[in-house]
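The structure appears below as structure tokens.
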Amino acid sequence: QKVLQRNKIPKNSPTEQIIGCTYEELVRHLEDNRYGFTITEKGLDIDHIIPIHTATTEEEVIRLNHYTNLQLLPSTYNRDIKKGGAWNPEHFHRYYFNSI
């Protein structure tokens, strides 16, 4: 919702319509990852795989907020890729297993 406000795009749809599933389904989707991340774990962000800031219309914002474009990432890694890197599953896999 903050992205909608920041880009002055009105939020006309209920959250479940925007993300395309119920809260419970979103939790299952986010927790279905090879690293065992859970939404209650500290130090994790819900990340947009395709960055939300690339949206220029309300339709694009809604599409990028679909649950299939969301994933859990460690906050430190997420902040690093926001500084100019791009999400890359192989790079993250190496980063994650080198950091534990």
_Förster radius 35 Å - calculated FRET efficiency between E59 and H91 (Cβ-Cβ, nearest 0.05)_ = 0.70
_T68 versus Y23: modelled label distance in nm, points set 7 Å from Cα along the beta carbon direction_ = 2.5 nm
*Grab the Cα-Cα distance for R79 and I39, subtract it from 0.36 nm times how many residues apart they are, and report the gain in nm with one decimal.*
12.6 nm
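Bear in mind these aren't lab numbers, they're just calculated from the coordinates by the rules spelled out. All of these numbers come straight from a predicted model, not from anything done at the bench. No Cβ is skipped: glycine too gets one built from the backbone with ideal geometry, and neighbour counts run over all protein chains shown.
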